[in-house]
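Participant: Have a look at this one before I ask anything.
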Amino acid sequence: MKESLDFIYKEQKELSYFGGIAALLGWDQMTYMPQKGCGERAEQLSMISRLAHERIISDDFYNHLKKLDEMPNMLTERDLIVVNKLKEDVEKARKVPSEFVEKMAKTTSLAYTAWEEAREKNKFSLFAPHLEKIIELEKQYCDYIKLPGHPYNSLLDDYEEGMTVDTLRKEFGVLRSQLVEILKKITSSAHYQKQQPVKMKLDVVQQKELCDILLKRLKLPFDRSRLDISVHPFTTTISDDDVRITTNYEHEGLLASFFSTVHEAGHALYELGLLKGEYKDTVISDAPSIGIHESQSRFWENMIARSKSFCTYFAPVFKKVVPDTCKDMNIEIWYRAINQVRPSFIRVEADELTYCLHVILRFELELDLLEGKITVTELPHCWNQKITDFLGITPKTDKEGVLQDMHWSGGEFGYFPTYAIGTIYASQLFKQFLKEHTTIREQISQGNFTPILNWLSEHVYQYGRLITADEIIKKTCGEGLNSKVFIAYLKEKYYPLYDI
Ligand code: ZN
């Protein structure tokens with residue numbers, strides 16, 4: 001038994017090293033790698049995925065696991081938890097052949113570079129053949145995993161364990177119609193008609209200074225993290241003490257880099273705070289789902305950083321860093337400016353209200369592509385039609401439409417829904433947090449964010465994968481995913497902003 005336990009713990013440690021190596025290669029590819037490095041980088045990444053996958057699915061590993069699984073009474077509580085979770089993961093991974101994993105890694109690495117070029121040149125046809133290949137691979141993957149119900153469940157499960165198309169169709173259906181209705185009310189309000197876009201021209205140095213101050217205030221440890229630049233902001237974990245985030249200072253929109261940095265900091269704080277201790281380097285020291293991960297970034301970005309009390313605290317900081325631009329700043333104007341609703345094309349620049357419509361659009365298109373209801377060639381047209389239905393605006397180019405996100409180039413079908421799931425979870429957590437912290441608004445306006453961090457740590461971070469995302473939400477909020485809580489939160493916030 002000892003031999004088997006030693007074996008599985010050593011494997012988990014080395015697999016987490018493989019994960020870190022792949023993350024570092026990926027981070028480098030999206031930040032500093034010269035363009036022509038992409039060919040060999042694809043080979044390197046695919047080799048790492050293949051080696052890791054071979055380890056996960058090896059008979060040796062599985063046999064040791066099965067041996068341990070057969071003697072549950074001999075195991076400590078920790079070992080039992082690790083063995084159960086690991087066995088689930090391994091049995092799922094064993095359904096997928098190594099050649100497939102390698103093929104997927106290679107295809108997506110090349111597709112990412114093609115997507116970058118297509119987006120740059122606004123030419124969907126450069127990316128289309130890659131996307132076709134990826135969709136075929138996604139279908140093949142669903143065939144390997146074969147979860148009950150809709151084939152897409154097998155894709156969803158990789159990001160949001162246990163989530164199904166049926167649940168999402170129901171929750172997103174309610175959300176979609178309510179969001180369109182709230183949006184209509186807002187866009188036909190007198191206040192909206194008078195609304196002017198607020199422009200704030202800050203140079204890169206000023207933006208960077210604001211982001212650095214922000215990260216310090218949020219207590220992101222500088223000796224365990226760093227901030228860099230990429231086309232699409234992201235967070236990646238190289239090791240327990242090396243979590244990296246990126247932003248983009250070129251994005252349009254009021255303080256886009258500032259808010260994207262809050263968002264990524266939310267992810268990074270979670271990664272750095274995740275359950276470790278006796279579960280370090282095990283399958284348990286990880287997030288239970290991407291939706292939970294996203295709830296952590298949305299919580300900080302929307303519920304905290306776009307609140308009036310946060311404006312109260314940060315206004316003097318802005319006045320100090322960019323005195324000319326902010327000399328007439330008033331907290332009420334400022335609060336309204338950063339919460340303006342304005343239907344727009346780019347998901348990452350969307351306001352809090354319309355954001356989930358962008359996500360639901362992608363979820364519906366992914367289902368249509370997978371079910372063969374639409375082809376890749378028809379995709380740009382279908383995209384434009386849907387966004388017109390949802391938001392009442394039509395993109396003029398594919399760059400501001402179908403080519404804006406990198407996810408499909410990475411083969412991440414099933415990922416987009418987690419953005420909306422996370423947003424809903426965030427509103428549910430926030431509702432509970434407010435109940436327990438009645439004076440939090442004053443504390444935020446004084447720059448005291450510690451109670452938030454402590455609460456999230458106690459109710460989310462500390463669990464790692466000990467329990468599922470659904471269990472975390474049920475335990476803390478008393479019920480599972482409920483889009484109605486998010487809708488109520490939006491109405492409470494946005495109706496007064498638009499005098500409705
Ligand atoms: Zn995120």
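Participant: Determine whether ILE284 is open to solvent by 10 Å² or more (accessible area, probe 1.4 Å) and touching a helix residue (DSSP H, G or I) at 6+ places or on another chain (Cβ under 8 Å). Explain how you work it out, then say what you get.
Facilitator: On the way: open to solvent by 10 Å² or more (accessible area, probe 1.4 Å): no; touching a helix residue (DSSP H, G or I) at 6+ places or on another chain (Cβ under 8 Å): yes.
The answer is no for ILE284.
Participant: Then there is this: Quick check: anything in region 331-340 touching a strand residue (DSSP E or B) at 6+ places or on another chain (Cβ under 7 Å) and either more than 22 Å from GLU492 (Cα to Cα) or more than 16 Å from the ligand (Cβ to nearest atom) (or both)?
Facilitator: Within region 331-340, the first condition is being touching a strand residue (DSSP E or B) at 6+ places or on another chain (Cβ under 7 Å), and the residues that meet it are none.
No, region 331-340 contains no residue that is touching a strand residue (DSSP E or B) at 6+ places or on another chain (Cβ under 7 Å) and either more than 22 Å from GLU492 (Cα to Cα) or more than 16 Å from the ligand (Cβ to nearest atom) (or both).
Participant: Among the residues of region 115-131, is there at least one that is among the aliphatic types (A, V, I, L, M), at pLDDT below 95, open to solvent by 30 Å² or more (accessible area, probe 1.4 Å) and not assigned by TED's automatic domain parsing to the domain that holds SER409? Quick ask: steps written out before the conclusion?
Facilitator: Taking region 115-131 as the starting set, the residues that turn out to be among the aliphatic types (A, V, I, L, M) are 118, 126, 128, 131.
If we keep only those that are at pLDDT below 95 as well, we get none.
Within region 115-131, not a single residue is among the aliphatic types (A, V, I, L, M), at pLDDT below 95, open to solvent by 30 Å² or more (accessible area, probe 1.4 Å) and not assigned by TED's automatic domain parsing to the domain that holds SER409.
Participant: Identify all residues within region 235-257 that are at pLDDT 95 or above, hydrophobic (A, V, I, L, M, F, W, C) and within 16 Å of the ligand (Cβ to nearest atom); write none if there are none.
Facilitator: VAL243, ILE245
Participant: Would you pick out the residues in region 404-429 that are assigned to a helix (DSSP H, G or I), surrounded by 22 or more Cβ atoms within 10 Å (Cβ to Cβ) and out of contact with any Cys (no Cβ under 9 Å at 6 or more places or on another chain)? Explain how you work it out, then say what you get.
Facilitator: Of the residues in region 404-429, the ones assigned to a helix (DSSP H, G or I) are 407-410, 417-429.
From what is left, the residues that are surrounded by 22 or more Cβ atoms within 10 Å (Cβ to Cβ) are 408-409, 417-429.
Listed by number, the residues that qualify are TRP408, SER409, PRO417, THR418, ILE421, GLY422, ALA426, SER427.
Participant: Would you tally the residues in region 78-100 being of a type in the set (Asp, Glu) and touching a residue at least 40 places away in the same chain (Cβ under 8 Å)? Can you show your working first?
Facilitator: Within region 78-100, the subset of a type in the set (Asp, Glu) is 79, 88-89, 91, 99.
Narrowing the set further to residues that are touching a residue at least 40 places away in the same chain (Cβ under 8 Å) leaves 79, 89.
Number of matching residues: 2.
A quick yes/no check of all residues on (1) within 16 Å of the ligand (Cβ to nearest atom); (2) among the hydroxyl-bearing types (Ser, Thr, Tyr); (3) without any contact (Cβ under 8 Å) to a residue 24 or more places away in the chain:
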{"position": "GLY410", "(1), (2), (3)": "yes, no, no"}
{"position": "GLY422", "(1), (2), (3)": "yes, no, no"}
{"position": "GLN432", "(1), (2), (3)": "no, no, no"}
{"position": "TRP455", "(1), (2), (3)": "no, no, yes"}
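Participant: What pairs come up if the first residue lies in region 62-77 and is open to solvent by 90 Å² or more (accessible area, probe 1.4 Å), the second is assigned to a loop (DSSP other than H, G, I, E, B), and their beta carbons are under 7 Å apart, counting only those six or more places apart or on different chains?
Facilitator: MET74/MET1
Participant: Please go through region 227-254 and pick out each residue that is among the aliphatic types (A, V, I, L, M), in a strand (DSSP E or B) and under 28 Å from ASN339 (Cβ atoms). Reasoning before the result, please.
Facilitator: Our first condition is that a residue be among the aliphatic types (A, V, I, L, M); within region 227-254, this holds for 227, 229, 231, 238, 243, 245, 254.
Okay, now just the ones that are also in a strand (DSSP E or B), so 227, 229, 238, 243, 245.
Once the filter is applied, which keeps residues that are among the aliphatic types (A, V, I, L, M), in a strand (DSSP E or B) and under 28 Å from ASN339 (Cβ atoms), region 227-254 yields LEU227, ILE229, ILE245.
Participant: Same structure again: Need pairs with beta-carbon distance below 7 Å; first residue at positive phi and within region 240-253, second at pLDDT below 95; sequence gap 6+ or separate chains.
Facilitator: Short answer, once both residue conditions are applied: GLY253/GLU349.
Participant: Just checking, does region 347-369 include any residue being open to solvent by 40 Å² or more (accessible area, probe 1.4 Å), at pLDDT below 90 and not small (Gly, Ala, Ser)?
Facilitator: First, pick out the residues of region 347-369 that are open to solvent by 40 Å² or more (accessible area, probe 1.4 Å): 348-349.
Cutting the leftovers down to at pLDDT below 90 gives us 348-349.
Remaining after also requiring not small (Gly, Ala, Ser): 348-349.
Taking every residue of region 347-369 in turn, at least one turns out to be open to solvent by 40 Å² or more (accessible area, probe 1.4 Å), at pLDDT below 90 and not small (Gly, Ala, Ser).
Participant: Being part of a loop (DSSP other than H, G, I, E, B), away from the ligand (no atom under 16 Å from the Cβ) and among the hydrophobic types (A, V, I, L, M, F, W, C) narrows it down to one of ILE500, ILE473, so name that one. Full working, then the answer.
Facilitator: Numbers: ILE473 fails: part of a loop (DSSP other than H, G, I, E, B).
Of the residues listed, the single one that is part of a loop (DSSP other than H, G, I, E, B), away from the ligand (no atom under 16 Å from the Cβ) and among the hydrophobic types (A, V, I, L, M, F, W, C) is ILE500.
Participant: Determine whether region 310-326 contains at least one residue that is within 16 Å of the ligand (Cβ to nearest atom) and assigned by TED's automatic domain parsing to the domain that holds LYS431. Break it down stepwise before answering.
Facilitator: Narrowing region 310-326 to residues within 16 Å of the ligand (Cβ to nearest atom): none.
Checked against the condition, which is being within 16 Å of the ligand (Cβ to nearest atom) and assigned by TED's automatic domain parsing to the domain that holds LYS431, region 310-326 yields no hits at all.
Participant: Another question, if that's okay. Would you mind telling me which numbered condition in (1) buried (at least 20 other Cβ atoms within 10 Å of the Cβ); (2) under 19 Å from ASP398 (Cβ atoms) THR108 fails?
Facilitator: (2)
Participant: Of the numbered conditions (1) closer than 25 Å to GLN140 by Cα; (2) of a type in the set (S, T, N, Q); (3) open to solvent by 10 Å² or more (accessible area, probe 1.4 Å); (4) in contact with a Ser or Thr (Cβ under 9 Å, 6 or more places away or on another chain), THR375 fails exactly one; give the number of that condition.
Facilitator: Result: THR375 passes all but (4).
Participant: From VAL101, VAL174, grab the single residue that is touching a helix residue (DSSP H, G or I) at 6+ places or on another chain (Cβ under 6 Å), open to solvent by less than 70 Å² (accessible area, probe 1.4 Å) and in the same structural domain as PRO288 (by TED's automatic domain parsing). Working first, answer last.
Facilitator: Working: VAL101 fails: in the same structural domain as PRO288 (by TED's automatic domain parsing).
After applying the criteria, what remains is VAL174.
Participant: Under 7 Å between Cβ atoms, at least 6 apart or on separate chains: pull out the pairs that start in region 101-129 with a residue that is at positive phi and end on any residue that is open to solvent by 20 Å² or more (accessible area, probe 1.4 Å) and not basic (Lys, Arg).
Facilitator: What qualifies is ASN122/THR397; ASN122/ASP398.
Participant: Do we have ASP166 as touching a Gly at 6+ places or on another chain (Cβ under 9 Å) and surrounded by fewer than 18 Cβ atoms within 10 Å (Cβ to Cβ) here?
Facilitator: Taking the combined requirement at face value, the residue satisfies it.
Participant: A follow-up question, please. Identify the single condition in (1) open to solvent by less than 10 Å² (accessible area, probe 1.4 Å); (2) free of Cβ contacts under 8 Å to residues at least 12 places away in the same chain that ALA268 does not satisfy, given that it satisfies every other one.
Facilitator: Here ALA268 meets the rest and fails (2).
Participant: Moving to a separate point now. Does LEU220 fit the bill of being crowded, with 19+ Cβ neighbours inside 10 Å and at pLDDT below 95? Walk me through how you get there before you give the answer.
Facilitator: Numbers: crowded, with 19+ Cβ neighbours inside 10 Å: yes; at pLDDT below 95: no.
No, not satisfied.
Participant: Out of the residues in region 274-298 that are within 11 Å of the ligand (Cβ to nearest atom) and in contact with a Leu (Cβ under 7 Å, 6 or more places away or on another chain), which is farthest from GLU161 (Cα to Cα)?
Facilitator: Taking region 274-298 and keeping what is within 11 Å of the ligand (Cβ to nearest atom), we get 290-291, 293-298.
Pick out the ones that are also in contact with a Leu (Cβ under 7 Å, 6 or more places away or on another chain) and you get 295-296.
Details: SER295: 15, GLN296: 17 Å.
Among those residues, the one meeting the criterion is GLN296.
Participant: Sticking with this one: Could you check how many residues of region 449-477 are open to solvent by 40 Å² or more (accessible area, probe 1.4 Å) and closer than 14 Å to ILE424 by Cα?
Facilitator: So the answer is 2.
Participant: Let me ask another. It is to be established whether one or more residues within region 295-302 are modelled with pLDDT of 90 or more, within 25 Å of the chain's Cα centre (by Cα) and open to solvent by 40 Å² or more (accessible area, probe 1.4 Å).
Facilitator: No, the conditions are met nowhere in region 295-302.
Participant: Would you confirm, using the coordinates I've provided, whether LYS320 is free of Cβ contacts under 8 Å to residues at least 24 places away in the same chain, surrounded by fewer than 20 Cβ atoms within 10 Å (Cβ to Cβ) and not in a loop (DSSP other than H, G, I, E, B)? Lay out the reasoning, then the answer.
Facilitator: On the way: free of Cβ contacts under 8 Å to residues at least 24 places away in the same chain: yes; surrounded by fewer than 20 Cβ atoms within 10 Å (Cβ to Cβ): yes; not in a loop (DSSP other than H, G, I, E, B): yes.
It is true that LYS320 is free of Cβ contacts under 8 Å to residues at least 24 places away in the same chain, surrounded by fewer than 20 Cβ atoms within 10 Å (Cβ to Cβ) and not in a loop (DSSP other than H, G, I, E, B).
The values are calculated or read from the model by the stated rules, or taken from the named source; none is laboratory data. Given the structure is predicted, the values throughout are model-derived calculations rather than measurements. Ideal geometry is used to build each Cβ from the backbone, glycine not excepted, and the neighbour counts take in all protein chains shown. Areas reflect the complete protein model, heavy atoms only, side chains present, ligands, DNA and RNA absent. Shrake-Rupley method; radii C 1.70, N 1.55, O 1.52, S 1.80 Å.
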